[in-house]
Amino acid sequence: MGHILLIDDDDEFREQLAEFIVAAGHRVTVCADGEEGLAQFRKHAPDAVVTDIVMERTEGIETLQAIRHADAAIPVIVMSGNDTYLRLARGLGADHGLHKPFSARHLISLLEERLEHGRVGF
């Protein structure tokens, strides 16, 4: 199984997702914003990243761009309740955009598919 970097500024939501990811057999590092997420990305070299887009400090689009600059091959899944932001993130290199709310089962399925097969179209 893989090491997942999970970035979201909603503490309760982030912890719930982390529990589902761990229950699916993965290791997870959680971060509350993109700045912390980028530091952990550089420190731990995760196998995949799941990030919210709208966050107070260092939002997800900026985080996605920094991750893509550092590693074009790592799978990145973005989350938002705004379809415009999801389309923008896909155009900037996100592998998948999940519209909130979504099922944890769907997220786990996407993660496992990307961990097994790598980036979409890469």
**Prompt:** Which one of the conditions (1) open to solvent by less than 20 Å² (accessible area, probe 1.4 Å); (2) at pLDDT below 95; (3) part of a helix (DSSP H, G or I) does Ala89 fail to meet, given that it meets all the rest?
**Reply:** (2)
**Prompt:** Just checking, how many residues over region 102-122 are in contact with a Gly (Cβ under 8 Å, 6 or more places away or on another chain), under 21 Å from Asp9 (Cα atoms) and open to solvent by 40 Å² or more (accessible area, probe 1.4 Å)?
**Reply:** 0
**Prompt:** In region 1-45, what residues are open to solvent by less than 10 Å² (accessible area, probe 1.4 Å) and β-branched (Val, Ile, Thr)?
**Reply:** Ile4, Ile7, Ile21
**Request:** List every residue pair whose Cβ atoms sit under 7 Å apart, with the two residues 6 or more apart in sequence or on different chains, where the first one lies in region 13-32 and is free of Cβ contacts under 8 Å to residues at least 40 places away in the same chain and the second, anywhere, is among the charged types (D, E, K, R) and open to solvent by less than 80 Å² (accessible area, probe 1.4 Å).
**Result:** Arg14/Asp8; Val30/Arg14; Ala32/Asp9
**Prompt:** Quick check: anything in region 46-57 in a helix (DSSP H, G or I), of a type in the set (Asp, Glu) and either open to solvent by 10 Å² or more (accessible area, probe 1.4 Å) or within 24 Å of His117 (Cα to Cα) (or both)?
**Reply:** no
**Message:** I need the full set of residues from region 66-84 which are exposed (fewer than 13 other Cβ atoms within 10 Å of the Cβ) and in contact (Cβ under 8 Å) with a residue 40 or more places away in the chain, in order please.
**Reply:** Ala72, Ala73
**Asked** In region 26-57, which residues are hydrophobic (A, V, I, L, M, F, W, C) and within 21 Å of Ser109 (Cβ to Cβ)?
**Response** Val28, Val30, Ala48, Val49, Val50, Ile53
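The values are calculated or read from the model by the stated rules, or taken from the named source; none is laboratory data. As the structure is a prediction and not an experimental result, all values here were calculated from the model. Cβ sites come from the backbone with ideal geometry, for glycine too, and all protein chains shown count toward neighbours. For accessibility, only protein heavy atoms count, side chains too; no ligands or nucleic acids. Shrake-Rupley method; radii C 1.70, N 1.55, O 1.52, S 1.80 Å.
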